[in-house]
There are 2 protein chains.
Amino acid sequence: MKTKITDLFEIEYPIVQGGMIWVASHPLVAAVSEAGGLGLLGSGSMYPEQLREEIRKTRELTRKPFGVNIPLLRADAEKLMEVALEEKVRIVFTSAGNPGRFTSFLKSHGVTVAHVVPSVKFAKKAEAAGVDTVVAEGTEAGGHNGFEEITTLCLVPQVADTVSVPVIAAGGIGDARGVAAAMALGADGVQMGTRFALTRESAAHPNYKGKGIEAGEGDTLLFARKIGPIRAYKNAFALRIWQAEFAGKSPEEIRGLVGERRAKLGIHEGDTEEGDLEMGQIAGLVKELKPVGEVMEEIISGLGRVTARLNRVMNEIKN
Amino acid sequence: MKTKITDLFEIEYPIVQGGMIWVASHPLVAAVSEAGGLGLLGSGSMYPEQLREEIRKTRELTRKPFGVNIPLLRADAEKLMEVALEEKVRIVFTSAGNPGRFTSFLKSHGVTVAHVVPSVKFAKKAEAAGVDTVVAEGTEAGGHNGFEEITTLCLVPQVADTVSVPVIAAGGIGDARGVAAAMALGADGVQMGTRFALTRESAAHPNYKGKGIEAGEGDTLLFARKIGPIRAYKNAFALRIWQAEFAGKSPEEIRGLVGERRAKLGIHEGDTEEGDLEMGQIAGLVKELKPVGEVMEEIISGLGRVTARLNRVMNEIKN
């Protein structure tokens, strides 16, 4: 399956696993890379020395390419990058911050750099900063999210029309239909987060996985819009923030209500009511906890069926 | 281009033009039907006798199938239906209300019925009510919108997995890429609103069209979440409501701020600051005001290119 993305990362399939905090540790990352995709360690929930250990453990499990996601809002983002460079990581995805800060530094060390963007404006900025590819992520995605709430369906073609680097679509993709749709929109690859968070190899707490499997398509909530939107499972914590915003609470009050360590409490420790269970709307599509290899196989074999159906419909145009 | 939707409506292409208020009058509807799609009169902004006149004028312009959209929140929805039946309209799309109210009545008169849904739950209800097809409309769509803010990319496959009637995808579709993506997701057809509102034949005021052409992907806003979300161009009116909600105003206060006749003021009379300029996020993709025939031709010819690209990528899987 040759696309600009498989060439760029030297992988088999243009399928990237989002580097989710508390989820994307070495078992998940290695499983995705072994299955022909690109696994990304989620360094956002790791101390620098933990990241070093995770990189080494991933290497013990796979010789295939993998990368690290580094959220630039982390105060010690630079320290995480140094560790990644010391450990000879060749692929870095940056998110949640200014791509101008580190892209040329990473590139000068031979790293392939991707940056996650929620809008055309930030896609342009990322391209100007010199990234190799942009991840265009729609508002249906789990976790931190853009202020303008642009959906993947609207975002991807507009980003593809604007930048000349390859585009990876993210947000709302959970099966072969979503992958084919993203490709039709002009993407060269996809990043899937929630689908991989809900696999056997994911490091998320079993309680988190349980809620994800149960969830219907309307069971996530976008909240904290006044300070930086987050999409998560609609539990007591998320609803409380959402209601407080619409009750007129200030950004400072919202920040206080969100507090610290909520994602750890939810995703890592399994508190399904008071934790921040970050997940995307596509959780509704995931009905079973499978191993990564099976998920990847289903997607790849499903792509054949989806394309065949599309061709059957489209060929009739000519008649 | 044979799909369940072309068969159902006896049209050439599975492309439906949304029955938008103040936009979808006989020139637009006839142009879409003449071009091989399905035009829908937007009765939501018409008195019953106006609807009768619009139906007759549409028939003067085309002998091809067209339909009427009837929003069920209209107090006189039943009167609009009677007019449609008296004028022998064979296709009715209902929206914004309970499909159980009129579906069997319409079906007993031989009408083909579609109902617009924002979630899997309502898709099930519509199917149970006996509709012939559901329109699965995502939160990126313009105008009245679901409370759960589910995006088209997440909604369409989950609706397709749940109902056995054909699915029409709506929200965020503006070109061949969007049509192909919708088909990949499992839709049998598409409904496009904003793309057709921004054509020469659309009845919208030139000022509305000007704002739509100028708009970038982040220039719409979903507001009135406390009383029933509306997506429109982000002007003074929309921003004021949005800010009032986050300042803690009650549903009653929001209802007061929205007031009456705002869509007429914006879309029909062209007040771009104080009117409700309902449009979807995909407005960002529309850069030029073209005649409907050209828009349709571009989509149909574009589908060939999109499918060819997809096949090129997908065929590599087998290698």
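Just so you know, all these numbers are worked out from the coordinates, no wet-lab data involved. What you see is a predicted model, and the numbers here were worked out from it, not measured in a lab. Every residue, glycine as well, gets a Cβ built from its backbone with ideal geometry; the counts of neighbours run over all protein chains shown.
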Computed helical MRE - 222 nm, chain B, DSSP H runs ≥ 4 contributing -39500 (n - 2.57), nearest 500: -12000 deg cm²/dmol
Residue of B:V156, B:V190, B:V83 that the Gaussian network model of chain B assigns the largest fluctuation, springs spanning Cα pairs under 10 Å: B:V83
Region B:129-281, relative contact order [Cα under 8 Å, separation at least 6], %: 24
Order of B:H26, B:H268 under a 10 Å beta carbon neighbour criterion, fewest first: B:H268, B:H26
Chain A: relative contact order in percent, alpha carbon pairs under 8 Å with at least 6 residues between: 16
Footprinting exposure proxy for B:T194, B:T133, A:T6, A:T139 (fewest neighbouring C-beta atoms within 10 Å first): A:T6, B:T133, A:T139, B:T194
Length gained when the stretch B:Q243-B:E294 is fully extended (0.36 nm per residue, less Cα-Cα span): 14.4 nm
Separation of the A:A236 and A:D76 label points, Cα + 7 Å toward Cβ, nm: 3.2
Region B:1-137 shape via C-alpha gyration tensor axes, a/c threshold 1.5: oblate
Label point 7 Å beyond Cα along the C-beta direction, distances from A:D76 to other copies (nm, shortest first): 7.0
FRET efficiency for A:R261 and B:F147, using Cβ-Cβ distance with R0 set to 25 Å, rounded to 0.05: 0.25
Neighbour-count order for B:K64, A:K57, fewest beta carbons within 10 angstrom listed first: A:K57, B:K64
Listed residues B:A141, B:A123, B:A181, most fluctuating in chain B (Gaussian network, C-alpha, under 10 Å): B:A181
Computed E for A:R309/A:E252 - FRET, C-beta separation, R0 41 angstrom, nearest 0.05: 0.20
Normalised contact order of region B:74-180, rounded percent, pairs of Cα under 8 Å and 6 or more residues apart: 21
Label 7 Å beyond Cα on the Cβ vector: B:K264 copy-to-copy distances, nm: 5.9
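If r is the Cβ-Cβ distance from A:I213 to B:D161 and R0 is 25 Å, what FRET efficiency results, to the nearest 0.05?
The pair A:I213/B:D161 has a calculated efficiency of 0.95.
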In region A:1-77, the GluC sites (Glu not before Pro) that fall in loop regions by DSSP, at most 12 other Cβ within 10 Å: A:E10
Summed residue charge, Cβ within 11 Å of B:A180's Cβ, Lys/Arg positive, Asp/Glu negative: +2
Chain B residue with Cβ closest to the axis mapping B onto A, distance in whole Å: B:G248, 1
Anisotropy class of chain A from Cα gyration tensor, a/c 1.5 cut: rounded
Net length gained if the chain between A:E60 and A:E269 were fully extended (0.36 nm per residue, minus Cα distance): 72.6 nm
